[in-house]
Amino acid sequence: MWRGGAFARPAGAVPTGYPGFDRELPGGGWPLGALTEILGLCEGVGELQLVLPALAALTASGKRVVWLAPPHLPYAPALAASGVDLAHLVVVRAPGRRDALWAAEQVLRAGNCHALLAWLRDARYPELRRLAVAAGTSRAFVALFRRREAIATSSPACLRIALEPAGEGLCARILKRPGAPAAAPLRIAVKKPVHALGRTPFPLSAARDARTHRRLGLPVHA
Amino acid sequence: MLLEVEGSLRLAGGLEPLAARLRADIAAMGLAAQLAVAPTARAALWLARDGGGRTLEDLPLAVLDADAESLEFLRGIGISTLGGLLSLPREGLARRCGRRLLDDLDRALGKAPEPRAFFSPPPRFAAQIELPAEVTHAEGVLFAARRLLVQLEGLLAARQAGVRRFTLALLHRNAAPTAVEVDLASAAREAGRLGRLLGERLAVLGLARPVEAVRIEARDFEPMHGFTAGFFGDARAEAEGWARLVERLRVRLGDEAVYGLAFHPDHRPERAWRRVDADADAPAAPGDLGPRPLWLVEPPRRLGETGFELLAGPERIESGWWDGGDAKRDYFIARFEDSSLAWIYREAGEWFLHGLFA
């Protein structure tokens, strides 16, 4: 008997690295062989931190990860510091939306990549549908990063997650998932750089000084 | 062209299948050929000259490499076929027409040996096809180019080699030829794969003017050997599949479009990384740097004095006076009004956005 509260069984999943989040996802992690949409309010809220633990686990076991048409330069030192093995990470630049879509299909059909992160500008429904079909033929974790405006449009993605900044962490709302709809937004404690710095937050008076004085008596990296 | 086929009959499954394959390959190259089979090379040559299918005795004298004077003499005494020629007394024939004609006959009949040097294919390839009419669409060019690629494949197979790059030249009526370079990720020789790459390349390029003829050139052959497939998964096949994917992406998106990332020992953030070939080995990770953003904004974007709040910092980076890329910067972590976290720096009294903690 099928109960309404049960998840549909996906082909497989790779743990996200955030146990509380895993429990809300079908299969206990990012679904493989299905399209996942991640919709961010703006860049720099921690949207990459959400997928990095999964990427680190994949690359550590020698699986290949492709970044398709990223909007900025993926920064190698930061990626390595997050545990991603750079030897298994490949960046593909695509000048236009059609080229990016073509490249995504090629990567997914070739079947030798285990994760594809794609940034498609203004993708239309038929294009997303093609991408979802291509994702279905692969066994890869396929994440499509889109602007927040896309929430209102319909999408063939199997999993849709909207992100908002929430204090020191990240607030994820699961808009769509196979199985029962998710009730409440989740708070996810992604790594923020202020923790990594290991210092107290910058005092306001010093901030004012930094704006006025060009030189501060500080240690110099040279 | 002479082929020694007796040793290959079992492999090909008999003479008829072998002949059918030969005909198909020759047709794919856009050539016409006359096939003939005989126990000796010279007999096969003569049969092919006549059109094949008959016995040696019925062949006209025209197939011989004899001089015009001898042929005239033989026609004068009423000899019109090889059979008639063979029935003549040998001594008389040798005296009248020279020893060479007699030797040729002996070789054709297998009475005398006829050693031949094996053909060794040249180490480069260049071939051209005139198109039946001027072509303005890529499919037409591709169709003709495929015929040349089949020839190239044959040459490469004979040399046990592959190519990493080849050039397609499109010849126009009143203009300089257009050259289309195709680079491959790994050495290859299959006409199908080369044709697909060429198709992607032509689809992007578009034809500016009508094409009269196409020409394919390839050099710098690389040795390429067969491989045995693994029984339990195949790491080599997997690597080859990946190489082909990279190659397809590069052909359409450009060589620079597919790359891997690696560190570079430099304190300046924009120089602390390098593009490397996809799947190249990365050098060891550097020690603990400060907090670094996952997105680097290149070039740095100038900011106003307001609109952000400084959270942590500064980290001073002062480097590069020796190579002209002088940097004297104080880096801060800042939060913007839309609560995104950014890596910004102050240099010469101005604020710049250099990264996003995504």
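The values are calculated or read from the model by the stated rules, or taken from the named source; none is laboratory data. Because the structure is a prediction, the values reported are computed rather than measured. Virtual Cβ from ideal backbone geometry, glycine too; neighbours counted across all protein chains shown. We work out accessible area using only protein heavy atoms, side chains counted, and drop any ligands, DNA or RNA first. Shrake-Rupley method; radii C 1.70, N 1.55, O 1.52, S 1.80 Å.
Taking the stretch B:176-186 on its own, how many of its residues are modelled with pLDDT under 85 and more than 16 Å from the chain's Cα centre (by Cα)?
Taking the stretch B:176-186 first, the residues modelled with pLDDT under 85 are B:183-186.
The next check asks that each one be more than 16 Å from the chain's Cα centre (by Cα); those that pass are none.
Adding up the residues that qualify gives 0.
Does B:ASP288 satisfy being in a loop (DSSP other than H, G, I, E, B), among the acidic types (Asp, Glu) and either farther than 23 Å from A:HIS114 by Cα or at pLDDT 80 or above (or both)?
yes
Could you say whether any residue in the stretch B:24-31 is in contact with a helix residue (DSSP H, G or I) (Cβ under 9 Å, 6 or more places away or on another chain) and not hydrophobic (A, V, I, L, M, F, W, C)?
Yes.
Which of (1) open to solvent by 10 Å² or more (accessible area, probe 1.4 Å); (2) more than 7 Å from chain A (Cβ to nearest Cβ); (3) within 17 Å of B:ALA272 (Cβ to Cβ) does B:GLU318 not meet, given it meets every other one?
(2)
Is there a residue being open to solvent by 20 Å² or more (accessible area, probe 1.4 Å), within 10 Å of another protein chain (Cβ to nearest Cβ) and under 50 Å from the mean Cα position of the chain (by Cα) anywhere in the stretch B:338-352? Before the answer, list the steps.
First, pick out the residues of the stretch B:338-352 that are open to solvent by 20 Å² or more (accessible area, probe 1.4 Å): B:338-339, B:346-350, B:352.
Next cut, within 10 Å of another protein chain (Cβ to nearest Cβ) only: B:338-339, B:346-349.
Retained after the next criterion (residues that are under 50 Å from the mean Cα position of the chain (by Cα)): none.
Within the stretch B:338-352, not a single residue is open to solvent by 20 Å² or more (accessible area, probe 1.4 Å), within 10 Å of another protein chain (Cβ to nearest Cβ) and under 50 Å from the mean Cα position of the chain (by Cα).
Counting just the residues of the stretch B:243-275 that are within 30 Å of B:ASP330 (Cβ to Cβ) and facing chain A (nearest Cβ under 7 Å), which one comes out surrounded by the most Cβ atoms within 10 Å (Cβ to Cβ)? Don't jump to the end; show me each part of the working.
Let us first name the residues in the stretch B:243-275 that are within 30 Å of B:ASP330 (Cβ to Cβ), namely B:261-275.
Of the ones still in play, those that are also facing chain A (nearest Cβ under 7 Å) are B:261-263, B:267, B:272-273.
Numbers: B:LEU261: 25, B:ALA262: 19, B:PHE263: 19, B:HIS267: 17, B:ALA272: 20, B:TRP273: 23.
Among them, the one singled out is B:LEU261.
Of the numbered conditions (1) within 16 Å of the chain's Cα centre (by Cα); (2) at positive phi, A:LEU89 fails exactly one; give the number of that condition.
Result: A:LEU89 fails condition (2) only.
Which condition breaks for A:PRO53 when tested against (1) surrounded by fewer than 23 Cβ atoms within 10 Å (Cβ to Cβ); (2) facing chain B (nearest Cβ under 10 Å)?
Every condition holds for A:PRO53 apart from (2).
Might you check whether a residue that is within 14 Å of another protein chain (Cβ to nearest Cβ) and surrounded by fewer than 18 Cβ atoms within 10 Å (Cβ to Cβ) occurs anywhere in the stretch B:219-227?
Going residue by residue through the stretch B:219-227, those that are within 14 Å of another protein chain (Cβ to nearest Cβ) are none.
No, that holds for no residue.
Considering each of A:ALA110, A:ALA104 in turn, give the residue that is within 13 Å of chain B (Cβ to nearest Cβ) and open to solvent by 10 Å² or more (accessible area, probe 1.4 Å).
Details: A:ALA104 fails: open to solvent by 10 Å² or more (accessible area, probe 1.4 Å).
Exactly one of A:ALA110, A:ALA104 is within 13 Å of chain B (Cβ to nearest Cβ) and open to solvent by 10 Å² or more (accessible area, probe 1.4 Å), namely A:ALA110.
Every residue, every condition in (1) open to solvent by 10 Å² or more (accessible area, probe 1.4 Å); (2) free of Cβ contacts under 8 Å to residues at least 24 places away in the same chain, yes or no:
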residue	(1), (2)
A:ALA115	no, no
A:ASP122	yes, no
A:VAL133	yes, yes
A:THR137	yes, no
A:LEU144	no, no
A:ARG148	yes, no
A:CYS158	yes, no
A:GLU164	yes, no
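Which ones in the stretch A:115-139 are within 14 Å of chain B (Cβ to nearest Cβ) and under 14 Å from the mean Cα position of the chain (by Cα)?
Within the stretch A:115-139, A:LEU116, A:LEU117, A:ALA118, A:TRP119 meet the criteria.
In the stretch A:88-101, which residues are over 14 Å from A:ARG121 (Cβ atoms) and open to solvent by less than 20 Å² (accessible area, probe 1.4 Å)?
Taking the stretch A:88-101 as the starting set, the residues that turn out to be over 14 Å from A:ARG121 (Cβ atoms) are A:88-92.
Answer for the stretch A:88-101, where residues must be over 14 Å from A:ARG121 (Cβ atoms) and open to solvent by less than 20 Å² (accessible area, probe 1.4 Å): A:LEU89, A:VAL90, A:VAL91, A:VAL92.
Quick check on my filter: what residues within the stretch B:108-144 are among the β-branched types (Val, Ile, Thr) and assigned to a helix (DSSP H, G or I)? Talk me through it step by step, then tell me what you get.
At the first step, the residues of the stretch B:108-144 found to be among the β-branched types (Val, Ile, Thr) are B:129, B:135-136, B:141.
The answer is B:VAL141, and nothing else.
Would you kindly identify the helices (runs of 4 or more DSSP H) lying entirely within the stretch B:1-92 that contain at least 2 residues that are under 30 Å from B:ALA145 (Cβ atoms) and open to solvent by less than 60 Å² (accessible area, probe 1.4 Å)?
Answer list for the stretch B:1-92: B:15-28.
Residue check: is B:GLU238 surrounded by 14 or more Cβ atoms within 10 Å (Cβ to Cβ), modelled with pLDDT under 85 and either under 22 Å from B:ALA126 (Cβ atoms) or within 14 Å of chain A (Cβ to nearest Cβ) (or both)?
Details: surrounded by 14 or more Cβ atoms within 10 Å (Cβ to Cβ): yes; modelled with pLDDT under 85: yes; either under 22 Å from B:ALA126 (Cβ atoms) or within 14 Å of chain A (Cβ to nearest Cβ) (or both): yes.
So B:GLU238 fits the description; yes.
Among the numbered criteria (1) surrounded by fewer than 17 Cβ atoms within 10 Å (Cβ to Cβ); (2) within 15 Å of B:ARG215 (Cβ to Cβ); (3) under 10 Å from the mean Cα position of the chain (by Cα), which one does B:LEU152 miss?
(1)
Where residues in the stretch B:306-358 are touching a Pro at 6+ places or on another chain (Cβ under 6 Å) and part of a loop (DSSP other than H, G, I, E, B), which of them is nearest to B:GLY290 (Cα to Cα)?
Ranking the candidates gives B:PHE357 first.
In a strand (DSSP E or B) and touching a Gly at 6+ places or on another chain (Cβ under 7 Å) - does that describe any residue in the stretch A:169-179?
Yes, the stretch A:169-179 contains at least one residue that is in a strand (DSSP E or B) and touching a Gly at 6+ places or on another chain (Cβ under 7 Å).
Return the residues of the stretch B:317-346 that are modelled with pLDDT of 85 or more, in contact with a Lys or Arg (Cβ under 6 Å, 6 or more places away or on another chain) and among the charged types (D, E, K, R); say none if nothing qualifies.
Passing the criteria: only B:ASP330.
Across the stretch B:123-149, which residue is surrounded by the most Cβ atoms within 10 Å (Cβ to Cβ) among those that are more than 16 Å from B:ALA218 (Cα to Cα) and among the hydrophobic types (A, V, I, L, M, F, W, C)? Before you say what the answer is, go through the steps one by one.
Within the stretch B:123-149, the first condition is being more than 16 Å from B:ALA218 (Cα to Cα), and the residues that meet it are B:130-144.
From the residues that got through so far, the ones that are among the hydrophobic types (A, V, I, L, M, F, W, C) too are B:131, B:133, B:135, B:138, B:141-144.
Details: B:LEU131: 17, B:ALA133: 9, B:VAL135: 20, B:ALA138: 19, B:VAL141: 24, B:LEU142: 20, B:PHE143: 15, B:ALA144: 22.
For the stretch B:123-149, the residue satisfying everything is B:VAL141.
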